[in-house]
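**Student:** Starting off with a structure, shown below.
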Amino acid sequence: MSVAAHGETIAAVSNYIFPNDFHVHWSLMIVLYPYITGLVAGAFIVSSLYHVFHIKSLKPVARFSLLFALAFLICATWPLLNHLGHPERAMSMMLTPNPTSAMAGFGYIYSAYFIVLLLEIIFIFRPVSVALGQKATGGLKTLYSVLAIGSDNVSAKALKLDHKIIGFLAAIGIPMACFLHGYVGFIFGGIKANPLWATPLMPLIFLLSACVSGIAGIIVAYILLRKLSGKDIDVDCVQTLIKFLWGFFILDFTFEMLELFSHFYMANHHWHTLEALYSGPLYNTFWVAQVGIFSVIPFVFLMFMSLIRFKDGLLLFFAPVISVMILIQVLLMRWNVVVGGQLMSKSERGATTFHPMWLEKEGILPAIIIMVAPVVILWLIGKVLPFWMDDKGAEAA
Amino acid sequence: MEKKYKSAYYSHVVKIALILIIAGGLGVWARGLFLPDTMGQYGHYRGSDLEDQRNVELRNHTNESCYECHRPIRLIHKAGVHKTVSCEVCHGPYADHIKDDKYVAKMPVKRDMEIKALCLRCHNKIIRARPEESIKVVAMPQHLEEKKVDVGHNCNQCHMVHDPLLWVKAAYEMMGMEMKGDKK
Amino acid sequence: MKENIDIVDIKKEIQKDRRAFIKNVLSGTIAGSLLMVIPAGAALDQRLPEQLPGMRGDDSPFTEKKFAFIVDVTACIGCGSCCVADKNEYNVPDGNYRTWVERYIIDDHDEVFVDSPNGGLDGYTKARTDIPHAVRDTFFVPKLCNMCEKPSCVQVCPVGATYKTEDGFILIDKSRCVGCGYCIQACPYSVRFLNPVSRTAEKCTWCYHRVRKGLLPACVNVCPVHARKFGDLNDKNSEVYKILREPHVISVLKPGMGNQPALHYLGLRREVV
């Protein structure tokens with residue numbers, strides 16, 4: 001370590017950690033929470049690209065994206081509830097939301113978004129629900145009747161009304177999805193005490209990485225589910241998704257690097273702590289994994305896949321592989337922001353360590369359960385509502 | 001030809017609107033039901049918490065509380081150089097000893113080398129940053145060698161813990177000598 | 001008069017056999033003869049000394065006072081009495097600290113070495129042996145809640161469980177805290193922790209319950225060298241008022257955060273974060 005020049009004595013690092021800073025309070029659960037809401041926001045945007053912006057080639061995944069978003073949105077609160085010291089008091093967030101708290105809005109924003117997504121799904125699938133309900137019996141019939149809101153009217157007049165409402169919901173859904181996720185970024189970006197978090201770029205980075213993860217999630221799920229059920233894959237749709245993925249990832253990766261570069265270039269008194277963090281405890285997870293492997297490689301591949309028309313087989317091989325890499329990149333980004341930000345003690349003189357355990361309350365196993373749950377929920381949803389337009393009952397639309 | 005439907009073409013929209021209104025109404029009602037009574041009395045918090053905060057148990061008292069009973073010590077302690085030292089820091093909090101004006105448990109007593117450890121918390125010279133004007137610091141075992149006593153001695157063999165100079169002063173007096181730095 | 005007699009008695013006792021005397025005092029037998037009968041009559045809080053004037057009998061929700069806390073860095077001897085008293089007052093679970101004492105060592109190459117083993121709770125008993133150069137300067141810095149004028153913790157609490165009273169105390173409603181930990185992230189001074197027993201956020205309160213009874217905060221009460229000072233800035237005769245008015249070297253921690261702490265440091269060095 002170089003000797004600190006006079007006037008820079010504060011910068012001398014002696015690895016002193018404030019006694020209350022050894023423990024990382026926000027761990028795996030808080031890594032998963034923005035990851036899950038990001039997948040939701042991104043998937044919704046895919047659906048909106050078709051429903052609002054009329055990107056026709058995305059039609060095959062437009063409906064599935066909504067169901068995908070719903071499955072993950074149902075689980076978005078789980079990591080939070082598992083994290084809270086008093087989950088039984090969680091409703092206080094809605095009972096007495098503190099107007100000055102960035103976190104207090106979560107209850108209302110989440111609920112509003114949930115309602116919009118649910119209504120969008122109900123309206124889009126209403127003709128399907130009516131058609132399937134007529135064939136179904138018993139409990140399933142009741143379920144379809146509930147999903148059709150007790151109406152059997154699928155006349156042209158009714159569908160025209162539905163169509164208007166769908167357009168409206170999709171349109172307000174976009175700003176809401178952006179708001180939901182930009183807001184999650186602000187929960188971190190608004191904490192001035194943490195130099196790694198406190199940046200106005202944080203909501204933007206969160207939002208862009210949300211879009212990226214959502215699109216990547218849809219690509220993986222689409223190709224995987226179609227392959228597994230032996231159905232055709234719409235290559236044009238995949239190609240369009242890849243182009244959008246590249247577009248969002250250009251912005252996402254640029255802002256991530258820009259944020260770091262600004263800190264480095266302006267080099268205010270926080271930089272020495274950030275520098276110590278990025279060259280120390282975060283070196284492997286940030287530089288090697290997030291940037292080196294899971295950003296640069298997908299970036300190059302996405303560029304080629306967008307600019308050069310790959311052979312179908314090649315595209316359908318690389319698209320899911322690169323998408324999985326992107327999904328890992330976003331998860332690493334969440335980890336590096338959430339956990340990384342807390343490694344640095346507010347003493348500005350040292351960093352603590354964090355190693356997740358398998359079986360603790362907020363450990364690896366609960367994290368895996370929470371990430372598997374949306375997949376199970378999606379599978380259950382698939383039992384009721386058809387994912388694809390060529391599924392049985394879907395032609396009613 | 002238009003097929004006949006049981007429901008009107010707008011019926012589901014009306015139903016959804018009604019469901020949303022009822023759910024919203026239920027939410028407002030539930031909020032009123034669960035809102036703490038004194039929420040917002042003084043600000044965005046439960047006003048009655050101020051009362052709860054005032055009723056937090058007093059566990060440390062002051063030296064005066066100890067002196068109420070321990071009168072001989074009071075006179076020694078209050079007159080000596082240790083008068084600013086808190087009884088409870090060495091002996092434990094008052095509330096572990098007396099509850100509701102009744103004796104509940106014996107205070108743990110520090111013995112032998114525990115006493116030395118307590119003394120050195122403050123008087124150890126190797127820990128610098130202890131201004132000499134406010135505290136006398138000594139190095140061990142140099143202090144014992146300097147005073148020509150056995151290096152195995154414990155602090156309280158010469159220094160009465162409640163007034164460390166009480167016996168030392170008495171010894172000087174008996175010898176008809178003046179203590180170094182003693183202004184009195 | 002009675003005290004004079006007592007003194008004579010004690011002197012006699014000591015002369016008789018000082019070892020037996022101290023043994024008796026320590027084991028409580030001499031005092032014990034008196035202490036089984038605890039002075040009855042006045043309520044306990046009336047018998048306690050009134051360390052802060054004008055607090056007794058004030059049942060209003062907020063006092064008219066403007067409290068300030070001053071830590072004299074030049075006076076602290078790092079004994080950790082404050083930490084002991086604090087842990088006892090609140091039964092703070094091990095590994096969490098409502099207050100702590102840091103040791104700063106600056107060598108003649110201007111390198112700064114800071115430590116706070118167990119928050120200073122066990123005192124500083126060993127000299128640091130890992131300082132490569134001659135030591136230029138060394139001092140202790142006690143830390144506690146800054147009671148900010150603009151508290152980040154209150155700003156971010158999603159449910160209004162942590163709040164600022166009109167007389168400047170930042171308190172936590174244990175019965176409403178959801179344990180999300182947002183306030184812990186937001187506090188620039190890391191004075192907050194999640195109590196593993198109650199699973200709610202906790203921090204120093206400047207001993208609100210003691211202050212409202214006219215007592216000094218536990219740490220101030222036990223400080224043997226008066227390095228911790230507490231008082232009312234509206235009282236022009238108070239020590240804190242005089243110190244803050246006079247031309248001393250006074251600063252707050254992390255002034256750039258804009259939190260405007262009511263905790264001031266006398267003789268604070270720039271190395272302190």
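**Student:** Label points 7 Å out from Cα along the Cβ direction at residue C:166 and residue B:64: separation in nm?
**Tutor:** Placing both labels 7 Å along Cα→Cβ, they lie 2.9 nm apart.
**Student:** How shielded is B:47-58 by partner chains, expressed as the average number of their Cβ atoms within 10 Å of its Cβ atoms?
**Tutor:** Average neighbour count from other chains, rounded to a whole number: 6.
**Student:** Using the Karplus curve 6.51 cos²θ - 1.76 cosθ + 1.60 with θ = phi - 60°, what ³J(HN,Hα) values do you get for each residue of segment B:34-45, in whole Hz, with x for Gly and Pro?
**Tutor:** Once rounded to whole Hz, the list reads 9, 5, x, 3, 9, 4, x, 4, 10, x, 7, 6.
**Student:** Nearest 0.05, what FRET efficiency do residue C:136 and residue A:22 give at R0 = 25 Å with Cβ-Cβ as r?
**Tutor:** Given R0 = 25 Å and the Cβ-Cβ separation, E is 0.30.
**Student:** Here is a further query. Could you compute the FRET efficiency for residue A:307 and residue B:84, with r as their C-beta to C-beta distance and R0 at 51 Å, rounded to 0.05?
**Tutor:** For R0 = 51 Å, the calculated efficiency reads 0.05.
**Student:** Just grab the label-to-label distance for residue A:231 and residue A:115, each label 7 Å out from Cα along the Cβ direction, in nm (one decimal).
**Tutor:** 3.2 nm
**Student:** Next question. Quick one: if you stick a label point 7 Å off each Cα along the C-beta vector at residue B:14 and residue B:135, how many nm between them?
**Tutor:** Using points 7 Å along Cα→Cβ, the separation is 8.3 nm.
**Student:** Compute the FRET efficiency between residue B:157 and residue A:297 as 1/(1 + (r/R0)^6), taking r as their Cβ-Cβ distance and R0 = 60 Å, and round to the nearest 0.05.
**Tutor:** The computed FRET efficiency comes out at 0.20.
**Student:** Give the residue list of GluC sites (Glu not before Pro) in segment B:1-103 that are DSSP loop and have at most 13 other beta-carbon atoms within 10 angstrom.
**Tutor:** B:2, B:57
**Student:** A follow-up question, please. Post the alpha-carbon centroid distance, segment C:222-256 to segment C:108-152, in whole angstrom.
**Tutor:** Their Cα centres are 21 Å away from one another.
**Student:** Over all residues in C:95-107, what is the mean tally of Cβ atoms on other chains that come within 10 Å of each residue's Cβ?
**Tutor:** Taking the mean over all residues of the peptide, I get 3.
**Student:** Just reorder A:14, A:279 by solvent-accessible area, largest first, 1.4 Å probe, all chains present.
**Tutor:** My answer, sorted largest first, is A:279, A:14.
**Student:** How much accessible area does residue A:375 have with a 1.4 Å probe, in Å² rounded to the nearest 10?
**Tutor:** 90 Å²
**Student:** Quick one: net charge of residue A:367's neighbours, Cβ under 13 Å, K/R +1, D/E -1?
**Tutor:** So the surrounding residues net to 0.
**Student:** May I pose another question? Do any of C:87/C:143; C:213/C:236; A:59/A:141; C:126/C:203 go past 25 Å between their Cα atoms, and which?
**Tutor:** With Cα atoms farther than 25 Å apart: A:59/A:141; C:126/C:203.
**Student:** Another question, if that's okay. Can you give the accessible area of residue A:50, probe radius 1.4 Å, in Å² rounded to 10?
**Tutor:** Roll a 1.4 Å probe over it and residue A:50 shows about 40 Å².
**Student:** Measuring from centroid to centroid over Cα atoms, what is the spacing of segment A:153-170 and segment A:37-87 in Å?
**Tutor:** Here the two parts' Cα centres lie 22 Å apart.
**Student:** Note the full-extension length gain between residue B:174 and residue B:6 as 0.36 nm times their separation in residues minus their Cα-Cα distance, in nm to one decimal.
**Tutor:** 48.9 nm
**Student:** May I pose another question? Net charge near residue A:239, counting Lys/Arg +1 and Asp/Glu -1 over other residues with Cβ under 12 Å of its Cβ?
**Tutor:** Its environment carries a net charge of 0.
**Student:** Please turn the phi angles of segment A:128-140 into ³J(HN,Hα) values with the Karplus equation 6.51 cos²θ - 1.76 cosθ + 1.60 (θ = phi - 60°), one per residue in order, whole Hz, x for glycine and proline.
**Tutor:** With coefficients 6.51, -1.76 and 1.60, one gets 5, 4, 5, 5, 5, x, 5, 8, 6, 10, x, x, 5 Hz.
**Student:** If DNA, RNA and ligands are ignored and the probe is 1.4 Å, what is the ranking of C:166, A:362 by accessible area, most exposed first?
**Tutor:** C:166, A:362
**Student:** What order, most packed first, do the peptides A:377-389, C:189-201 have when packing is the mean number of other Cβ atoms within 10 Å of each residue?
**Tutor:** Ranked by mean Cβ neighbours within 10 Å, highest first: C:189-201, A:377-389.
**Student:** Let me ask another. For segment C:85-96, just list the computed ³J(HN,Hα) in residue order, Karplus coefficients 6.51, -1.76 and 1.60, θ = phi - 60°, integers in Hz, with x standing in for Gly and Pro.
**Tutor:** 4, 5, 5, 5, 4, 10, 6, 5, x, 3, x, 10
**Student:** In a Gaussian network model over chain A where Cα atoms closer than 10 Å are linked, find which of A:19, A:356, A:320 has the largest mean-square fluctuation.
**Tutor:** A:19
**Student:** Using modelled amide H (1.01 Å from N, peptide plane; none on Pro or chain starts), what sits under 5 Å from the amide H of residue C:250, excluding residues fewer than 5 places away?
**Tutor:** C:267
**Student:** Using a 1.4 angstrom probe on the protein heavy atoms only, could you order A:303, B:107 from most to least accessible area?
**Tutor:** Sorted by accessible area, descending: A:303, B:107.
**Student:** Next question. Residues of C:163-175, mean number of Cβ from any other protein chain within 10 Å of their own Cβ, rounded to a whole number?
**Tutor:** 4
**Student:** Straight-line reach from residue B:106: which aspartates and glutamates have a Cα under 15 Å away, not including same-chain ones fewer than 8 places off?
**Tutor:** Within reach: B:88, B:96.
**Student:** Whose amide H sits under 5 Å from the amide H of residue C:193, counting only residues 5 or more places off or on another chain, with H placed in the peptide plane?
**Tutor:** Placed amide hydrogens put C:202 under 5 Å from residue C:193.
**Student:** Related question: What whole number of Å gives the distance from the Cα centroid of segment B:1-74 to the Cα centroid of segment B:111-184?
**Tutor:** 58 Å
The values are calculated or read from the model by the stated rules, or taken from the named source; none is laboratory data. All values reported here derive from a predicted model rather than from experimental measurement. Every residue, glycine as well, gets a Cβ built from its backbone with ideal geometry; the counts of neighbours run over all protein chains shown. Protein only, heavy atoms only, side chains kept; ligands, DNA and RNA dropped before computing areas. Shrake-Rupley method; radii C 1.70, N 1.55, O 1.52, S 1.80 Å.
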